[in-house]
Amino acid sequence: MSHRSGSWGSLGIADRGVCPPTGPSLHGDKVIDSDVPRTTTSAYARRLAALLAAAVATLTLIGIGAAPVGASTSDSMADSVLGWMNQDREARGLEPYRRWYKLTELAEARAGRMASVNTLSHDAAGGDIGAAYDSAGIDWMGYGEIIGTSTYSWGTPAANNIYGLWKNSAPHAAIMFSSSFNYIGIGFAYRSRNGSTWASILFSESKDHTDPIAEKDGVSHVGATVYFRWTGHDPKLQTHTAGLDSFDVQYRVDGDDWRTIRNDTSARLLKLYDRRHGHWYRFRVRAKDGRGNLSPWTSAANVWVP
């Protein structure tokens, strides 16, 4: 459903929270699945009635004036929106969304399509979101999209205007402050013909594909014994955090090749005895989570044994 008016800001929403999709029907601009488990039918019906009351209404607010295009890029606008949203999520006791480049690329394309035809709708953006996710190789258990447009000046003013519209619209806020979505992609596009900004944000509930984090925690020696310590964690998602599984540790002497000295270890301390004097001993570590995602290797931790 398209929401267009002569005002300075307009919004649209689509959400699907049940997988797999079978026989969806479109009510206003809210996508409703027909395969809702029977055990949740009553609660779903009450929620649906409240959402439809808001969604069927035209989700449009009015702002003031547009300025010439500024130097801000779509990337910096996306950074700002993600920062505002995650700050608001944390204030509500929710985990921050994690960016996923596949969602970002798709959101940018969908915003660009709306800008090119000067029409705010999920159809104009590219149609069925689930099919788009499947084509892009995005695994999902649930998804959502919110869209908006503004004639505030390109950059922070337009991004702030659209985010404010979303935040103050109950159906849009329900998507942004979801307790099940964990990944996000944000896209902005500019239509030079009328100075308008177009936005799409895509959300997904997906398996954990965020790299874990490995960190050096110190390297030292006592006589000819060398000690290397490390730590790590798996960044927490709103849902489906895989959890830290293990570490790989490599070392080399001076400028020799790296070689693995510990593999799939849960330890966080390595002791090497009887090292030769007059050499540099260098260590690095990487982490693995429960789904097999690997962190990059850390930079080297170096210790000289005189």
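Worth a mention:
- Flag if Arg259 is surrounded by 14 or more Cβ atoms within 10 Å (Cβ to Cβ), on the phi < 0 side of the Ramachandran plot and not aliphatic (A, V, I, L, M): no
- Number of the exception - Ser295 against (1) out of contact with any Gly (no Cβ under 8 Å at 6 or more places or on another chain); (2) of a type in the set (S, T, N, Q); (3) closer than 30 Å to Leu94 by Cα; (4) surrounded by 20 or more Cβ atoms within 10 Å (Cβ to Cβ): (1)
- Selection count, region 143-163, where residues are in contact with a strand residue (DSSP E or B) (Cβ under 8 Å, 6 or more places away or on another chain) and either free of Cβ contacts under 8 Å to residues at least 60 places away in the same chain or on the phi > 0 side of the Ramachandran plot (or both): 0
- On inspection, Val253 does not qualify as over 25 Å from the mean Cα position of the chain (by Cα), at pLDDT 95 or above and buried (at least 17 other Cβ atoms within 10 Å of the Cβ).
- Filter result (more than 16 Å from the chain's Cα centre (by Cα) and either open to solvent by 30 Å² or more (accessible area, probe 1.4 Å) or of a type in the set (Asp, Glu) (or both)) within region 113-153: Arg113, Ser116, Val117, Asn118, Thr119, Asp123, Gly126, Asp128, Ala131, Asp134, Ser135, Tyr152
- Hey, Leu202 surrounded by 18 or more Cβ atoms within 10 Å (Cβ to Cβ), touching a Pro at 6+ places or on another chain (Cβ under 7 Å), within 27 Å of Asp289 (Cα to Cα) and not charged (D, E, K, R) or not: no
- Qualifying residue in region 164-184 (condition: surrounded by fewer than 24 Cβ atoms within 10 Å (Cβ to Cβ), part of a strand (DSSP E or B) and not charged (D, E, K, R)): no
- Flag if Arg229 is farther than 30 Å from Ala159 by Cβ and either open to solvent by 50 Å² or more (accessible area, probe 1.4 Å) or in contact with a strand residue (DSSP E or B) (Cβ under 9 Å, 6 or more places away or on another chain) (or both): yes
- Among the numbered conditions (1) open to solvent by 20 Å² or more (accessible area, probe 1.4 Å); (2) within 30 Å of Ser206 (Cα to Cα); (3) of a type outside the set (Gly, Ala, Ser), the only one that Asp248 does not meet is (1).
- Scanning region 268-292 for residues that are of a type in the set (A, V, I, L, M, F, W, C) and open to solvent by less than 40 Å² (accessible area, probe 1.4 Å) yields Leu270, Leu272, Phe283, Val285, Ala287.
- When Trp84 is tested against (1) under 14 Å from Tyr190 (Cα atoms); (2) out of contact with any Gly (no Cβ under 7 Å at 6 or more places or on another chain); (3) assigned to a helix (DSSP H, G or I), just one condition goes unmet, and that condition is (1).
The values are calculated or read from the model by the stated rules, or taken from the named source; none is laboratory data. Predicted model only: the values in this text are computed from it and were never measured. Cβ coordinates were reconstructed from backbone atoms using ideal geometry, including for glycine residues, and neighbour counts include every protein chain displayed. The area values use the complete protein model at the heavy-atom level, side chains included, leaving out ligands, DNA and RNA. Shrake-Rupley method; radii C 1.70, N 1.55, O 1.52, S 1.80 Å.
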